[in-house]
Amino acid sequence: MRRQLASLLFGASTVVFGNAPAAAQSAPVVTLTRLECGTNAAPTDVGARFSDTYAYNGLKVQLTYSCYLIRHGDDYLVWDTGFPMAAGPTSPTTSILDLLAQLKVTPAQVKYVGISHYHGDHVGQVNTLPQATLLIGKGDWAVLTDTKAAPIVSPAFFAPWVSGGGKVEPLAGDKDVFGDGTVMVLNMPGHTPGHHSLLVRLKEMGNVLITGDLAHFRENYDTDGVPTFNTDRAASLASIDRFKQIAKNLKATVIIQHDARDVGKLPAFPGAAK
């Protein structure tokens, strides 16, 4: 009887431990690649518009225009799409589609295109990925689909979805993009009504938080600065506080999307953080 029990226990343990490597191997590969999505201008005087308390008088910061490609197994998310190719001096030198091609990623593999907010330097090439499901804050989607929307909004870029031809998910809160917690779109309103940031949880690098326009540069982030053009000051401050608490609790690397000093936190294209 003891021999039979021991044999059963040994067999059960073999099943449990034998399956563990297979389960581990089944976890999808998650990577993060930065894409250059606009041409940098000279360092910008950020004192005029980036603080409603006159905090940065005389400060000049080199801003940049970043988009990101997140791989999740065989699926991809493009986060923000930068300036359009016809933007003049700020136009990207290479389109998002060409950058994806260099990475051997086809548009059909892009399952989601996530937009942090509706400003033109973040949405200029979104219409080149009409087959992807659009992830956008509910508040921003309401503005984009309002015929009386302010000129700062660029609804023409969203024609594939506004027309009803594409799939869109207006996000009222956070979104677990792939259902396993590795890629989270985080509700961070204030800059715009539906502004969102992004959390990517990488096996080697660890947790990475990408701001969107929650903050535009390090000094802005460090001092909880609110630009004059944000839509809601109280919501902006609440979002910055929440973002910083998440960063602290997850020991995350914070990447300020517009700050050129943060570009080096990720491998240079075509490399990817893992």
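Nothing in this text is a laboratory measurement; each read-out follows from the coordinates by a stated rule. Keep in mind that what you see is a predicted model, and the values were worked out from it rather than measured. Note that we place each Cβ from the backbone using ideal geometry, even for glycine, and neighbour counts take in every protein chain shown.
Per-residue packing, averaged as other Cβ atoms within 10 Å, sorts the ranges 105-113, 42-50 into the order 105-113, 42-50, beginning with the highest. Across all directions, the average projected area of the convex hull around the alpha carbons of segment 156-272 is 8.9 nm². Taking the empirical scaling 2.2 N^0.38 Å for compact globular proteins as reference, segment 88-238 has a Cα radius of gyration ratio of 1.06.
Across segment 23-118, Cα pairs under 8 Å and at least six residues apart give a relative contact order of 29 percent.
Separation of segment 129-153 and segment 57-89, taken as the distance between their Cα centroids, equals 18 angstrom. Relative to the longest principal axis of the Cα atoms of the chain, the long axis of helix 233-250 lies at roughly 30 degrees.
Using a cutoff of 8 angstrom between alpha carbon atoms and counting only pairs six or more residues apart, the relative contact order for the chain works out to 18 percent. Only beta bridges with both residues in the chain are counted; by DSSP, about 65 percent of them are antiparallel.
Please give me the summed charge of the neighbours of Pro193: other residues whose Cβ is under 14 Å from its Cβ, Lys and Arg +1, Asp and Glu -1. If you can, show how the numbers build up before the last one.
Details: positive: Lys138, Arg233; negative: Asp140, Asp146, Asp213, Asp232.
Residues close to Pro193 contribute a combined charge of -2.
Extension gain for Ala234 to Leu103 (0.36 nm times residue separation, less C-alpha to C-alpha distance): 43.1 nm. Over the chain, the hull volume per residue, using the convex hull of the C-alpha atoms, is 156 Å³. Helix 2-26 and the long axis of the chain differ in direction by around 20°, with both axes built from C-alpha atoms. The lysines within cross-link reach of Lys175, meaning a Cα-to-Cα straight distance under 25 Å and a gap of 8 or more places when in the same chain, are Lys111, Lys138, Lys167, Lys203, Lys244, Lys248, Lys251, Lys265, Lys274. Within the listed set Lys175, Lys251, Lys104, the Gaussian network model of the chain (springs between alpha-carbon atoms below 10 Å) gives the highest mean-square fluctuation for Lys104. Placing R0 at 25 angstrom, the Cβ-Cβ distance between Ala42 and Asp222 gives a FRET efficiency of 0.60 after rounding to 0.05.
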